[in-house]
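Right, one structure below, let's go through it.
The values are calculated or read from the model by the stated rules, or taken from the named source; none is laboratory data. Nothing here was measured: the structure is a model prediction, and the numbers come from that model. When we count neighbours, we look across all protein chains shown, and the Cβ atoms used for this are built from the backbone with ideal geometry, even at glycine.
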């Protein structure tokens, strides 16, 4: 069971603790063989609440792809101080990968942690360990993403303010948090994770941080709307990006889909105006218009 699944919020804390302990028991023997294990070839970076769970599930159906034994490892953000050996423990051994490579011609490993895109210290950390990696990013209309993130926080009792108030209070809530994340590699910022509703939709700023360390050719960017309209086409494009042959994907189930009351029309218009400049910079960076401002 994944603790990041929506259903997990209904589990008692004692059950969640038992699940975490079971995972650590799984990890313990793997730590003994971490030196013989591979590092990932690609990362699905985010953005949060943009369809990353669905996309990762689709991609992992490919016979030439493998993932760690859990989806969100959170090494480069929350667990970086534990070191590369801890991270390697989540992945297959070199021998396993070599065997699959001989049989299939190419075999890649990846992981997906949506917070990687937003965490300011992650690009440099990733480059230090994975200088040749490739990256997949899926971006949602930032207005919809912000509201979905807000509802996610409300459902978990992390947010008591109205959506409008939460957006207005965000600069105050996040003040100084990025500096702390840079200064202390073990620091975990609760407001940066849970209350960054508007900031996470400023995608151009986040991608620019990655482009300081990697060429554009190392990043594949898709829109959530594109993924919803034609998941097969998006997955085939990603397989091509990873130099893999196309493969049919089963898309019968949506992951982490939730229903809630719509935001007010007037605030939606206001929020769209606030994002317009950020979106224009994103479109210029990507060389294409994702259609969010039409």
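Structural remarks
- Where helices (runs of 4 or more DSSP H) fall wholly inside segment 48-129, the ranges with 1 or more residues that are under 16 Å from the mean Cα position of the chain (by Cα) and under 23 Å from residue 215 (Cβ atoms) are 52-59, 122-129.
- Against the conditions (1) over 17 Å from the mean Cα position of the chain (by Cα); (2) exposed (fewer than 15 other Cβ atoms within 10 Å of the Cβ); (3) modelled with pLDDT of 95 or more; (4) within 22 Å of residue 43 (Cα to Cα), residue 186 satisfies every one except (3).
- Residue in segment 191-198 that is closer than 23 Å to residue 130 by Cβ, in contact with a strand residue (DSSP E or B) (Cβ under 7 Å, 6 or more places away or on another chain) and either surrounded by 15 or more Cβ atoms within 10 Å (Cβ to Cβ) or modelled with pLDDT of 95 or more (or both) present: no
- The listed residue being in a helix (DSSP H, G or I), more than 28 Å from residue 125 (Cβ to Cβ) and in contact with a helix residue (DSSP H, G or I) (Cβ under 7 Å, 6 or more places away or on another chain), out of 200, 268, 209, 274: 268
- There is at least one residue in segment 169-176 that is at pLDDT 95 or above and in a loop (DSSP other than H, G, I, E, B).
- Unique residue being surrounded by 15 or more Cβ atoms within 10 Å (Cβ to Cβ) and in contact with a helix residue (DSSP H, G or I) (Cβ under 6 Å, 6 or more places away or on another chain) when the list is 138, 154, 126: 138
- Within segment 157-169, tally of residues that are surrounded by 18 or more Cβ atoms within 10 Å (Cβ to Cβ) and within 15 Å of residue 192 (Cα to Cα): 3
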